[in-house]
Each structure stands twice: as C-alpha cells, then as structure tokens.
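Single-structure report; data block below.
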Amino acid sequence: MRGFSWFQLAAISSAITLPSSLAAQVATPQSIVKNVCSDRTEESALQISRTRLAEEIFRSNKVYLSDLDPIDGTILQKLRDLRTNGGPSGENVTDERLSATLFSLNLIEKQLASDSLEGLTASGVSSRKDGWLFDQDSSTVQLTCKIAKTKTVVATLAAPPDRKRFSLREKPEELALTGKDRKAVSAFALGLDKKWTTDADGVENTETTLKFNGTAGARLTQDESPVTAYAFAQYNLKRVRKEPAPALAEGERRNKNDTDVLALGVSGDVFTTAEDGPSLWLTGQAAFVQDFVDQSERIRLSTKFDPGFSRRFGICGIGRMQYFGSSDRIGARCLVRLDTEIGIWTGNGISTTNSYDDFLAIGANLSYELHLKTGEKTGILASANYRYLPILSGQLSDIERLELALSHRIWSEGGLGIDLLTKYNNGTNALSLENEEDISLGVGLVF
C-alpha cells in the first residue's frame, strides 16, 4: 500500500496544481462523460451506474483493472482506496497515472456537486461533501446522461460566415464565396505586355498589350441574412497598341480588335445548408452591359445553380473543397452547375457581323480546381473551367468557352490575396460575346 502526501492533499480539493507534463495526460471530465454516454440514445438507457463511471475514470487515465493488485474488491472500493491511501498497488501502475486518475475523480465530483458537468447529472444525493460520489453511503445516487435530441438532417437557409463587405474577384458569382472555397476563387486580374522589334529600316517598333479583367462588389445585405446581395462593377479590357501607329485603311477603327466592356449590376446568392455541409447554391446576376468597342448595350440576366451534391470523389470534392491526407495542404474541388443566360438588347452596335436578336441560352458549367498550400500564407492554384450553353432562342452562336489558369497566391495578414498568374482563354467572352483565344501573364487580386 502506498502513502503519498500529495495524494491526500488532492483528496481534500480538486483544485490542486499538477505538473505541466502530467496535466496534459489527465482525462477531462468532459471526455470521460462523453465516453460513458456516447452509446446511449434512448430514454431507458440514459441512466448509468456509479460502477460504470468508476471504470471509465480508471480507463480514461490508462489505469486498467487487470493491472491492479489485488484483483478482489469492487471497483468502487478501489477508487476509495485511491482517495484515502494513495491508490491500490500494482506492478504495472505508475504513480503518475494514479495521481491523474485521482485528479479526474475530484474534478468530476466537484462539477457534479455544482451541477456544472455538461452531459451528466446526479440525483438522490444526501450530502455533497468531498468524497460523496463513491462513498459507501451514496448507493442511492442516480447518474443520468443528458443526450441531445437527434436532429433531422434538412436543408435550411443559412448565412455564409465571413462574407466580405467589399470583395475583389474575377466573376460576380464568386463574390460571396467564403471559408475554404474562397481559397480557390479566381482573381481580379491585371496584365501588361510590351514587345520591342526593329524593322529592316532600323526603326524600333513597340507593341503594348493592356489587360484588365475582374469584378469589384459591395455587399448590400446584412451579416445574418441568408440571401447575399452585392452591387458590382465588372470590367473586361484587352487593348493592343503599336508605336509608331500603322496607317488605317478607309473605314477601319484602331480599336476594332479590342475588348472593352463594362457591366454594372446586382448579384444575389442563396445558400442552404444541412448538418453535413452545404446542400444548395443558387446565384443570379442582373446587369447593364456597355460595349465601348461595338458601341452596343444590353441587359444581361444570368443564373448558376448547384444542386449541392457534397461528396468525396477521389480526385476532388463534389461541390466543395476536399483536402487529401490529415492536413489542408492539398485540396481539390469539382463543380457541376446548371448555367443560364438571357440577353436583351437595348442598343444595337456598329458591327455588321453580330446578331442583335434577344437570346436565351441554357447549358452547363464544369470546373476543376486544385489548391496546393506551399506555406502558411502561400499556395498554388490550378483550375480548368468549361462552359457550354446552346442557344435555345435567338440567332447568336452557341456560347462555348475553355479557361485554364495557374497562379501562385500570396495572402497578406489583412486577407488580401495577390496572384502571379498565367491564363489561357478560348471561346466566347461572356461580356463581349466575341470569340477570342489568348494566353496572358499578369497579377491578380482576391479580397
């Protein structure tokens, strides 16, 4: 039989201070209660015995009954022996484990006495002085688990957390994305290319390409609103200029091959969530589009619908970011969305090759996004997006576009992401409705 003075001190009060190396090993009352009550989901099974609780106090602190000597005597007697004499003997039981067990025991008794132990209550108690729980006179004590009622898994409107009051993204539909999905959003991109050549006469020629593609949005709705609305401005510019400027043929315009389009509008997003994660996402935009090259105007109505399938799919997570391994270093997301667009022309342009008929297009938008965390505030993002919308009404050609992007993203302390990016586009520009193919290097911003 052992007799350590600090065991007796611990029996007086559970407020003793353990060495830091040992404190990390002590089983908390919450973890012990969780283990005792985890398998009890029916009203008839909510009560537990003092013996079951005593067994869990020993086990959670890695003191096993087979290690205690002598084996005879009830588990309650062994706990009482631990309190009064420093613990039952046993060749495989360390003093540290016994002291940890005693510490857990005193904490549980103290919290039960004050009705502050989450998940477990005690009734039928005649006295709640130190040592009351496993005293021989406490056989009338009844211990009852408090089990949370099982919740039905249903989708409910929910406000996405941490939505920015002001956002910078590539597209309006990405303005409200938050959390881990925000790591994979496309950046508000800026690019400047310059090329110098010398002709046969020794004259130096320069060609400057300026690119600008992104969306700035200001949130209109409150933090707790399940519907997120942003007022946004989306601008898409690609301008190529040569110096000295070449002569123009009669009727030609210097900007005829440029892209210069501004969209002003409002975007709205509705999120619903279930207990196992996001279950539905619907976004829509209404915008007035001004094409400064074509000198045309139209109202653009577009929606994207994600049915909310949230599954792990080997190479990615369907509908949400899936991380591989035990960390969040490598993650991938696959998106499959219904995509619709309506164009209503309010002013025809000067192009003789474009159709200015109103149109309706419905199709699909497919994306694969891969995120590699390279540091605490850095990461590499690779993405592929394919959009195909057959024209159901109107004379416009089907909308089809492939976008590939690779960027190295650096996050600042204030939440601003800076991208060094490469991007390839091939197909219908969503704002100008012109077919284009280009590859570009530039800088992107995400906020």
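The values are calculated or read from the model by the stated rules, or taken from the named source; none is laboratory data. Source: prediction; values computed, not measured. We place every Cβ from the backbone using ideal geometry, glycine too, and count neighbours over all the protein chains shown. The protein model used for the area step is the full one, side chains on, heavy atoms only, and it has no ligands, DNA or RNA in it. Shrake-Rupley method; radii C 1.70, N 1.55, O 1.52, S 1.80 Å.
Report, by residue number, each residue of segment 194-238 that is open to solvent by 30 Å² or more (accessible area, probe 1.4 Å) and among the polar types (S, T, N, Q).
Listed by number, the residues that qualify are Thr197, Thr198, Asn205, Thr208, Asn213, Gln222.
Would you mind stating whether Gly308 is small (Gly, Ala, Ser), surrounded by 14 or more Cβ atoms within 10 Å (Cβ to Cβ) and touching a residue at least 60 places away in the same chain (Cβ under 8 Å)?
yes
Here is a check on your reading of the model: is Ala189 among the small types (Gly, Ala, Ser) and either touching a strand residue (DSSP E or B) at 6+ places or on another chain (Cβ under 9 Å) or surrounded by 13 or more Cβ atoms within 10 Å (Cβ to Cβ) (or both)?
Considered against the rule, which asks whether it is among the small types (Gly, Ala, Ser) and either touching a strand residue (DSSP E or B) at 6+ places or on another chain (Cβ under 9 Å) or surrounded by 13 or more Cβ atoms within 10 Å (Cβ to Cβ) (or both), Ala189 comes out as yes.
Would you mention how many residues in segment 291-305 are in contact with a Lys or Arg (Cβ under 9 Å, 6 or more places away or on another chain) and open to solvent by less than 50 Å² (accessible area, probe 1.4 Å)?
Counting residues in segment 291-305 that are in contact with a Lys or Arg (Cβ under 9 Å, 6 or more places away or on another chain) and open to solvent by less than 50 Å² (accessible area, probe 1.4 Å) gives 3.
Across segment 386-403, which residue is farthest from Met321 (Cα to Cα) among those that are touching a Phe, Trp or Tyr at 6+ places or on another chain (Cβ under 8 Å) and of a type in the set (S, T, N, Q)?
Taking the candidates together, the pick is Gln395.
Where in segment 336-447 are there strands (runs of 3 or more DSSP E), lying wholly inside it, with at least 1 residues that are of a type in the set (D, E, K, R) and open to solvent by 60 Å² or more (accessible area, probe 1.4 Å)?
The qualifying strands (runs of 3 or more DSSP E) are 399-411, 435-446.
Which residues, taken from segment 311-323, are open to solvent by less than 70 Å² (accessible area, probe 1.4 Å) and either touching a residue at least 12 places away in the same chain (Cβ under 8 Å) or within 15 Å of the chain's Cα centre (by Cα) (or both)?
Cys316, Gly317, Ile318, Gly319, Met321, Gln322, Tyr323
Report whether or not Leu248 is at pLDDT below 90, open to solvent by 60 Å² or more (accessible area, probe 1.4 Å) and either of a type in the set (Phe, Trp, Tyr) or out of contact with any strand residue (DSSP E or B) (no Cβ under 8 Å at 6 or more places or on another chain) (or both).
Taking the combined requirement at face value, the residue satisfies it.
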